[in-house]
Amino acid sequence: MSRLARLGLAVTLLFALAAPVRAQVKDDTPRNYGVGRVATPGQIAGWDIDVRPDGRGAPPGRGSVKDGEKVYLDKCAACHGEFGESAGRWPQLAQGKGTLASHDPVKTVGSYFPYLSSVFDYIRRSMPFGDAESLSNDELYAVTAYVLNLNDIVDDKFVLSKETWSRVKMPNQGGFFDDDREKTEKAFWNSNPCMKDCREPVKITGHAQAVDVTPDEKTQKRGVE
Amino acid sequence: MTQPTDKKRTTRRRFLAGAAGLAAAGASSARADNAKNLPPNVADWTRQLGEGVGVRAYGNPSKYEKHVIRRTVPWLTATPESSVSFTPLHQLDGIITPNGLCFERHHGGIAEIDPNDYRLMLHGLVEKPLIFALDELKRLPRVNKIHFLECAANSGMEWRGAQLNGCQYTHGMVHCVQYTGVTLKVLLEQAGLKPNAKWIMAEGGDAAAMNRSIPLGKALDDCIVAYRMNGEMLRPEQGYPVRLVVPGWEGNVWVKWLRRLKVGDQPWFTREETSKYTDLLENGKARQFTFLMDAKSVITSPSPQAPVKQKGFNVISGLAWSGRGKIKRVDISLDGGRNWRAARIDGPVFDKACVRFYYELDWNGEELLLQSRAMDDTGYVQPGKDALRKIRGVNSIYHNNGIQTWALKADGEVENVEVG
């Protein structure tokens, strides 16, 4: 150790002994820690798969309803049904128009999804279930076009691509509004809630045991062995 | 997930069939005691040596606790890879959920990510797009925060009436643990935000590649890119090695197996924030971006899976939480919401975390209608189910934070009921 360094150490020690013990405080001023590496355009391209409602992010490629039918029957129909009606308990992709305000709403691509991108982006990242990100861009465009066609959103001759993107009008685009709970549920804020005789004596109006859908213990896995 | 009425009911037998009846005061519990372990006799475990250290290199709960497990509702979903298992709330106490019992919700199964090959990409409207390895994330400044995580669909099967007879099933899509990680704010500062940055998209690296939009304000406020829960690395089913923590907001935005953060100037309207996780009202219109979880509480014991075993002195125990802030008070009713009294909160009270409450009573076998009602520090009071249905209808699936009623019967059994 150099003499200067030794002197520095001595001074530090002296301070450490003399100064009151004070914990290091969290410093929130933005700082570059020099951690992490620059992501290259090539790296980003492989993962950058999201698509927005305006079509930003959609890959090059095109696909017709006709070609989409083949892809769909091959890779989707086993779960979602030949006409998008669902094969068993898998999600239904078509029909359901006019049911949203009913007692039994059927939410599908045609009845509920607000944007083409909401379907396209999802199929691109998650479907077919169990074989994600396996479709080519053309297959992706084609099968999406076919799902739209199953919902009567585009005709049999339609070809989906970046160029035709904005022509697709989803029926339920206007069906959503932003969270308004703080306005419409204002009554739930109450600094002095009722404590005594808040309602008439209550009666039981429904029993879970009567519905009887609670799983049996026999359907459960056991704990660690 | 769908309403059970739409589904084949594959299991019909009652969960509690055969549960032991009420024991007389002072008598021991249902399982027969073994007299050779009881005084004046001396049990084997007192005479003989047990297993040495290291035999249980990673310890498990006692073999007598094998019934304390996450449970599933098989009819609920088409496949276990996109499904849910529920936290056994009725078997737990305090505010921290053990890691192995935190409920699971996956959309493409549990990704098994090699931490060595883990990468987080941060790009979009930033000055410098970045990639972080796990070790690099761990070098950044750390925070520790205890938060609840509730799935927006928790209690979703109860909109149309009492359905599932057990608080594990009615309320078990919630857990509360301590997270360790780096704040999202610090990460974003490393890349530098462009002036038009307004939203962040978080994306998972699992087979669902789950993606959700989060407003920048929230991202800079209290979000954490977390790699530890309760001190140890995240469990695979909770997003190992890295998940997003979005305090107080619905579980779906807490993206697991986090692989990408993209900064944009508008939300993405992904499938998960349109087709799912929007709240359909009676008029056919749906609320979107209902991120925040309103104040909620539930009595965890007694409850249908945790009946009262003896008359006399008993402790009612439950959990309360709010996405808007701290729980301020929890009230208890024994008569279905007619009269209320304040419960006792015991243990720490953190922002956007579970609190534990107790109410002690001498019970002589009279029938009770037990309810709990949470209040938070914004003055929000957990509403009754009817009040909630008046505004949200019964088709919402998500965001059911209505007051739960348990009917305690003379024999100590408890049932999930609706009252009016």
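In table form, for the structure just shown:
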read-out	value
Of residues in the stretch A:104-114 being surrounded by fewer than 24 Cβ atoms within 10 Å (Cβ to Cβ) and at the interface with chain B (Cβ under 7 Å from one of its Cβ atoms), the one nearest to the chain's Cα centre (by Cα)	A:Pro114
Residues satisfying the stated conditions in the stretch A:182-225, i.e. under 23 Å from B:Asp294 (Cβ atoms), facing chain B (nearest Cβ under 7 Å) and of a type outside the set (A, V, I, L, M)	A:Thr184, A:Glu185, A:Phe188, A:Trp189, A:Asn190, A:Ser191, A:Pro193, A:Cys198, A:Arg199, A:Gly206
Qualifying positions in the stretch B:403-420 - surrounded by fewer than 22 Cβ atoms within 10 Å (Cβ to Cβ) and either without any contact (Cβ under 8 Å) to a residue 24 or more places away in the chain or more than 10 Å from chain A (Cβ to nearest Cβ) (or both)	B:Lys409, B:Ala410, B:Asp411, B:Gly412
Boolean, B:Val381 is within 10 Å of another protein chain (Cβ to nearest Cβ) and touching a Lys or Arg at 6+ places or on another chain (Cβ under 6 Å)	no
Residues of the stretch A:55-81 classified as surrounded by 22 or more Cβ atoms within 10 Å (Cβ to Cβ) and free of Cβ contacts under 8 Å to residues at least 24 places away in the same chain, total	1
Check on B:Lys128, of a type outside the set (A, V, I, L, M, F, W, C), at the interface with another protein chain (Cβ under 8 Å from one of its Cβ atoms), surrounded by fewer than 19 Cβ atoms within 10 Å (Cβ to Cβ) and touching a residue at least 40 places away in the same chain (Cβ under 8 Å)	yes
Residue ID - surrounded by the fewest Cβ atoms within 10 Å (Cβ to Cβ), chosen from residues in the stretch B:330-369 that are among the aliphatic types (A, V, I, L, M) and in contact (Cβ under 8 Å) with a residue 60 or more places away in the chain	B:Ala353
Subset of the stretch A:2-45 (residues that are at pLDDT below 95 and at positive phi)	none
Selection from the stretch B:212-248 of residues that are outside any loop (DSSP other than H, G, I, E, B), of a type outside the set (Lys, Arg) and under 25 Å from B:Leu101 (Cα atoms)	B:Ile224, B:Val225, B:Ala226, B:Tyr227, B:Met229, B:Glu232, B:Met233, B:Pro236, B:Glu237, B:Gln238, B:Leu244, B:Val245
Test: residue in the stretch A:214-222 that is under 25 Å from B:Gly336 (Cβ atoms) and out of contact with any Pro (no Cβ under 9 Å at 6 or more places or on another chain)	no
Qualifying position, being farther than 18 Å from B:Lys296 by Cβ, modelled with pLDDT of 95 or more and away from every other protein chain (no Cβ under 12 Å), among B:Asn395, B:Asn364, B:Asn400, B:Asn339	B:Asn364
Subset of the stretch B:192-208 that is crowded, with 22+ Cβ neighbours inside 10 Å and either small (Gly, Ala, Ser) or at pLDDT below 95 (or both) - its residue that is nearest to B:Leu220 (Cα to Cα)	B:Ala202
Output for the stretch B:185-233, where each listed residue is away from chain A (no Cβ under 13 Å) and closer than 16 Å to B:Leu130 by Cβ	B:Lys194, B:Ala197, B:Ala219
Among the candidates A:Ser134, A:Ser86, A:Ser102, A:Ser126, residue that is farther than 20 Å from B:Thr79 by Cβ and polar (S, T, N, Q)	A:Ser102
Test: residue in the stretch B:250-268 that is acidic (Asp, Glu), within 25 Å of B:Thr87 (Cα to Cα), over 19 Å from the mean Cα position of the chain (by Cα) and not in a strand (DSSP E or B)	no
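One line per residue, one yes/no per condition, for (1) buried (at least 20 other Cβ atoms within 10 Å of the Cβ); (2) touching a residue at least 40 places away in the same chain (Cβ under 8 Å); (3) out of contact with any His (no Cβ under 8 Å at 6 or more places or on another chain):
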position: B:Gly251; (1), (2), (3): yes, yes, yes
position: B:Arg260; (1), (2), (3): yes, yes, no
position: B:Val263; (1), (2), (3): yes, yes, no
position: B:Arg271; (1), (2), (3): yes, no, yes
position: B:Asp279; (1), (2), (3): yes, yes, no
position: B:Ala286; (1), (2), (3): yes, no, yes
position: B:Thr300; (1), (2), (3): yes, yes, no
position: B:Gln305; (1), (2), (3): yes, yes, no
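The values are calculated or read from the model by the stated rules, or taken from the named source; none is laboratory data. A quick note: this is a predicted structure, and the numbers were derived from the prediction, not measured. As a convention, Cβ positions derive from the backbone with ideal geometry for all residues, glycine included, and neighbour counts pool all protein chains shown.
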